[in-house]
Amino acid sequence: MNYSVHTLILGSGAAGLNTALQLKSLGVDDILILTEGLDQGTSINTGSDKQTYYKLGMYGNTPDSPVQLAGTLFNGGCVHGDIALAEAALSVRGFYNLVNLGVPFPHDRHGQYIGYKTDHDPFCRATSCGPYTSREMCLKLIDAVKRADIPIMEQRTAVSLLTVKDRAAGAITLNENGEFEVFRAENVVFAVGGPGGLYKESVYPAVHTGAIGLALKAGALARNLPESQFGLSSVKFRWNVSGTYMQVLPRVISTAADGVSDEREFLPEHYAGAGEMNSMLFLKGYQWPFDTTKIPNGSSMIDILVYIETVIRKRRVFLDYRANCAGFSFDALSREAYEYLEKSNALFGTPLERLAKMNRPAIDLYADHGIDLSKEPLEVAVCAQHNNGGLAANDWWESENIKHLFPVGEVNGSHGVTRPGGSALNAGQAGAFRAAEYIAARYREYSLDETLFEQAATNELAFLNQYLTRNRNSNDWQAERLEFQARMTAHGAQIRGENVCTAAWSQYTRLLEQGTQWRGPNGKAEALRNLQLCLAHAVYLEAIAASIRQGVGSRGSALELYPDGVELPGIGWRYRMENREFRSQVQMTRFDNGEVKNYWEPCRPLPECNGWFENIWNDYREQKIYE
Ligand SMILES: Cc1cc2nc3c(=O)[nH]c(=O)nc-3n(C[C@H](O)[C@H](O)[C@H](O)COP(=O)(O)OP(=O)(O)OC[C@H]3O[C@@H](n4cnc5c(N)ncnc54)[C@H](O)[C@@H]3O)c2cc1C
């Protein structure tokens, strides 16, 4: 089937849904949301202890301003100032749009939206509606999209992003029957989320793989690809084990690969005693992401020790809430940990009893997902959680090199090395407003050359069909997926150093030349999905290798092992310290004619904000703001 639409929105997460809504409100009516499903993706399926939404401060007499918030975003390093300012400027609008749609963000009796302090946040700008903030956002956005009668096609897997010359032109999807469908579009809003499917150890929802590889294959520029967040999470049911899950001090054990035999406590190998070990475990509660500034003596050593057990020693790691660790004593804890437990009236019992006292819903959450913490230990690993980098777009969220393509949400790499917790959700909403406004102002007319489009679609369909009929690879799509996911977890996640690009490209070439085994419509979709994921993993690994060659060093959530570097006591590793000069540069990556090119460009500064009303009014009326 062939379809034609003015603006195609690929993906129905919080970012895609809001873009559709804003387009409609600006009178761009010929739009269509194409998605794997309204119940798919990260936003509607994920959460955390207190899932955070970051916004401009708006409580009491604490002053805040777009420039101050932009400064905080900019200070994450490797961020362009104009993009940070747009995210800050749209923050209030994005937030109140959600409030008006009914998202239950808490306010006081005067209507003020109270905030709290999150990581990398100098003020108390963060808010939350509980563990499922992004889900609440999606549910209300979906209601609004349905009320606005915006067409949605579900059970679609996008397998190609179509481009004509240097512009987006549409997409090819597979429907639930395994049939190709071609969509011609004047504009494509690319809202496919983060690259969850790239990692074996991942806390992205299992259903979410992402699709950045489609845009990379089309030659879209990417930015800061190596910058991601990793942290300790449960794997049977994917959830960050932050907050009280760590503060109640579970016993941390590992077993052989069967998950039962050869059980032992492995952290004591590294620590002088149970007191020191448990004090670090306690800190992990609110220092959740792996952070290279929290080694060698900080809480991120715990992540490294878990990585050694799981990835290097090929064992499995569990948090056991049923018993205290060997040698456990409250008196040996750091003052901070002791006082916290004391104030929580939890200086007693087993970790599970303390968890029941401090945060009963934390136990219920796992029970709701079939895990009884009183009967079984909780398997954990250091997992991929968020990509700060992604596709490179300008401050109207249009791709830097593919016109009419608008990456919004996590697939847009607007963040840098660090970001305040919760700013991913803000960025998704801000980007939705910017992309919709630009499309409505500049791209209402039709300009796509139909003949060129037909050619592009025909060529792409031929390529996809050839791939599907190649049958020389004995591996099924599951084995192929596991191969690149394991490579990314071992070498492209929080521990880096070894260059595995050759292996990555040889897998991609094997897929292209030999195909893969698949059965049925679902297998067909997954076999095609592997193509874009496998390409993406190779491009990410190239970007990481380039950053290592350049001497960027360890920063954010990634530690670079380096034979001449600083020693990590106790484990015999050496790592390269960060070269801070790269904090003022953005890493750009492009897959072009079978080659990956990387280069660095200076961060654009925060724009001056010394405007004068009459002048800005003029610029606005004359549409100069879009130039
Ligand atoms: C455990 C966890 C906790 C988090 N906590 C926070 C937090 O506290 N604060 C915060 O700001 N952020 C947090 N994040 C990050 C945040 O949730 C995500 O960045 C955000 O929800 C992404 O929204 P999105 O709309 O960009 O993508 P998603 O919500 O992932 O939506 C992507 C959409 O694209 C569709 N799609 C993808 N590929 C295809 C394809 N090939 N064909 C068709 N459709 C496709 C999907 O089905 C889905 O509809 C967390 C993430 C995780 C995993």
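The values are calculated or read from the model by the stated rules, or taken from the named source; none is laboratory data. Note that this is a predicted model, so its numbers are computed, not measured. In this analysis, Cβ positions are derived from the backbone assuming ideal geometry, glycine residues included, and neighbour counts consider all displayed protein chains. Surface accessibility is based on the protein's heavy atoms, side chains included, excluding ligands, DNA and RNA. Shrake-Rupley method; radii C 1.70, N 1.55, O 1.52, S 1.80 Å.
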Fill in the blank from the handout: Over 23 Å (Cα to Cα) among LYS55/LYS403; LYS24/LYS217; LYS200/LYS314; LYS236/LYS375; LYS294/LYS343 -> LYS55/LYS403; LYS24/LYS217; LYS294/LYS343
Practice task
Express as a percent, rounded to the nearest 5, the fraction of DSSP beta bridges in the chain (both residues included) that run antiparallel.
Solution key: 70 percent
Exercise for the section: Among the aspartates and glutamates, select those whose C-alpha is under 17 Å from the C-alpha of LYS284, and discard any that sit fewer than 8 residues away in the same chain. Expected result: ASP49, ASP119, GLU276, ASP303, ASP320, GLU336, GLU339, GLU379
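Can you give me the Rg/Rh ratio for the stretch 230-384, using Cα atoms for both radii and the Kirkwood formula for Rh?
Values: Rg = 14.2 Å, Rh = 15.4 Å.
On the Cα set of the stretch 230-384, Rg over Rh gives 0.93.
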Completion exercise
Here, the stretch 396-454 modelled as identical Cα point scatterers in vacuum has Debye log10 I(q)/I(0) at q = 0.18, 0.22, 0.24 Å⁻¹ of -0.69, -0.90, -0.99
Practice task
Check cross-link reach from LYS624 to the aspartates and glutamates: straight Cα distance under 14 Å, and skip same-chain residues fewer than eight apart.
Solution key: GLU437, GLU614
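Can you give the accessible area per residue of the chain, in Å², using a 1.4 Å probe?
Details: 24570 Å² over 627 residues.
Per-residue accessible area for the chain comes out at 39 Å².
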Practice task
Would you mind computing, in nm to one decimal, how far apart the modelled labels at ARG574 and GLU154 are, each placed 7 Å from Cα along Cα→Cβ?
Solution key: 5.6 nm
Problem - Debye log10 I(q)/I(0) at q = 0.23 Å⁻¹ for the stretch 466-588, Cα point scatterers - result: -1.22
Practice task
Using only the Cα atoms of the stretch 522-562, build the gyration tensor, take square roots of its eigenvalues as a ≥ b ≥ c, and label the shape rounded, prolate or oblate: rounded if a/c is under 1.5, else prolate if a/b is larger than b/c, else oblate.
Solution key: prolate
Exercise for the section: Step through the residues of the stretch 291-307 one at a time and calculate ³J(HN,Hα) from phi using the Karplus curve (6.51 cos²θ - 1.76 cosθ + 1.60, θ = phi - 60°), rounding each to whole Hz and writing x for Gly and Pro. Expected result: 9, 5, 7, 10, 9, x, 9, x, 6, 6, 4, 4, 4, 5, 5, 5, 4
Handout entry: Computed E for ASP143/ILE114 - FRET, C-beta separation, R0 35 angstrom, nearest 0.05
Key = 0.85
Exercise for the section: Rounded to the nearest Å, what's the spacing between the alpha carbon centres of the stretch 490-547 and the stretch 287-306? Just the number, please. Expected result: 28 Å
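As an exercise, take the mean of 1/r over every pair of distinct alpha carbons in the chain, invert it, and state the Kirkwood radius in angstroms. The partial results should precede the final answer.
Details: mean 1/r = 0.0398 Å⁻¹.
That comes to 25.1 Å for the chain.
At a Förster radius of 45 Å, what calculated FRET efficiency corresponds to the Cβ-Cβ distance of LEU512 and ALA367, to the nearest 0.05?
It comes to 0.50.
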Exercise for the section: Please find the FRET efficiency linking ASN297 to LYS597, where r is the Cβ-Cβ separation and R0 is fixed at 45 Å, and quote it to the nearest 0.05. Expected result: 0.70
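Within the accessible area of the chain, what % is carbon and sulfur when the probe is 1.4 Å and the other protein chains stay in place? Write down the numbers at each step before the final one.
Values: 12090 of 24570 Å².
Looking at the chain in its full context, I get 49 percent from C and S.
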Exercise for the section: Give me the distance between the Cα centres of the stretch 382-438 and the stretch 575-592, rounded to whole Å. Expected result: 18 Å
Handout entry: Cα centroid of the stretch 11-69 to Cα centroid of the stretch 191-231, whole Å
Key = 18 Å
Handout entry: Paramagnetic reach from ASP449 (point 7 Å along Cα→Cβ, amide N under 20 Å) across the stretch 158-195
Key = 161-171, 183-188
Practice task
Note down the nm distance, to one decimal, between modelled labels 7 Å out along Cα→Cβ at ALA503 and at LEU347.
Solution key: 5.0 nm
